[in-house]
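Here's the structure we're looking at; comments come further down.
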Amino acid sequence: MSVNRTLNPLAIILGIALSLLIPVYGSGQSPQPSTSEAPPKAIAIEAEHFQNKGAWKTVANGNGNLMVDVVGFNHISGEKLLCLPSDAQGKAETPITIPAPGNYKLWVRYEYPVFCDASFAIEIHQEGMPPARFQAGTINSPRFALGMEKAKAQHDPASGSEGLVEEVFSVEGLKPGKATLFLHGKKLDAKPGRAVSRNIDLIWLTQDIGDTWRVQYGRSNNLYPILDAFRDTTGARWEARIKNQGKEKNSFSVTHTYNRLPWGANESNFARDIEPGQ
């Protein structure tokens, strides 16, 4: 991370909180766009943060998941996955809070080698309402692959499976308040090269029914825009502190680099008109 000064050179104290802030489920909200219209409500859930995992296990990237990018992190949010082996069955659950009434789209991101069965089910339970249940990860499930604008069941590039995939489901008539999110996995038919472990990265529930976020974030990240949308729903994970030890008022910008698209990012209004001593 680099800090740019706009006036005279100063002695700068830049403290960075190294602890990762765990998002509060149900409280995340998409960033305010450059219009007067309020952004769609959204909930961001890291799969590894499910409270009751059952037979599902948290696996760090490179410690048991299917696809490890030797160049860097395999574009995994939080660098961890929630995994259920193909020869196991289990149920994981976590509480969420639906922020507003209405219809939503549920996006789930997971690892998927082509032509394999990685099937699992997602359920949303609310008191007084029938459960919403969706089947994901099947051989015939339509999914978005790395950089693809249209969903289809199998993405088989010449270079082999690359990156994670996303599936989307329509959820109608949710009511605001408490709900429970479930992941169900059955024992799969263990055919060689066919059944694989269920490795879930994230679940994103949004009221952006028209998928405008794909256009918005796709301008700077055409490969996996969902990671940026999910990040902004989750909110800040790092904290930076600057102290102006000079004699004049100054402003500062911060530039940081991802190990993925977008490779560089600049926050030009990080700290404006900081008085000396502050």
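The values are calculated or read from the model by the stated rules, or taken from the named source; none is laboratory data. Source: prediction; values computed, not measured. Cβ: placed from backbone, ideal geometry, glycine included. Neighbour counts: every protein chain shown.
Points worth noting:
- Residue-level check: of (1) under 25 Å from residue 105 (Cβ atoms); (2) over 19 Å from the mean Cα position of the chain (by Cα), residue 247 misses just (1).
- Subset of the stretch 141-182 (residues that are acidic (Asp, Glu) and either more than 18 Å from residue 124 (Cα to Cα) or under 21 Å from the mean Cα position of the chain (by Cα) (or both)): 149, 156, 162, 166, 167
- Among the residues of this structure, residue 181 counts as one that is in contact with a Ser or Thr (Cβ under 6 Å, 6 or more places away or on another chain) and not aromatic (Phe, Trp, Tyr).
- Residue match in the stretch 59-82 (condition: at pLDDT 95 or above, small (Gly, Ala, Ser) and surrounded by 18 or more Cβ atoms within 10 Å (Cβ to Cβ)): no
- Qualifying residue in the stretch 94-111 (condition: part of a strand (DSSP E or B), at negative phi, out of contact with any His (no Cβ under 6 Å at 6 or more places or on another chain) and at pLDDT below 95): no
- Residue in the stretch 201-210 that is surrounded by fewer than 16 Cβ atoms within 10 Å (Cβ to Cβ) and either in contact (Cβ under 8 Å) with a residue 40 or more places away in the chain or not in a loop (DSSP other than H, G, I, E, B) (or both) present: yes
- Candidates 193, 218, 185 - the one that is over 14 Å from the mean Cα position of the chain (by Cα), in the same structural domain as residue 47 (by TED's automatic domain parsing), of a type outside the set (Asp, Glu) and exposed (fewer than 15 other Cβ atoms within 10 Å of the Cβ): 193
- The stretch 219-257, residues that are in contact with a helix residue (DSSP H, G or I) (Cβ under 9 Å, 6 or more places away or on another chain) and either modelled with pLDDT under 70 or outside any loop (DSSP other than H, G, I, E, B) (or both): 225, 226, 227, 228, 229, 230, 231, 232, 234
- Of the listed requirements (1) in contact (Cβ under 8 Å) with a residue 24 or more places away in the chain; (2) not in a strand (DSSP E or B), residue 122 misses just one: (2).
- So residue 114, is it among the β-branched types (Val, Ile, Thr), crowded, with 22+ Cβ neighbours inside 10 Å and either touching a residue at least 12 places away in the same chain (Cβ under 8 Å) or not in a strand (DSSP E or B) (or both): no
- Selection of the stretch 191-223 for residues being among the small types (Gly, Ala, Ser) and closer than 16 Å to residue 83 by Cβ yields 195, 197.
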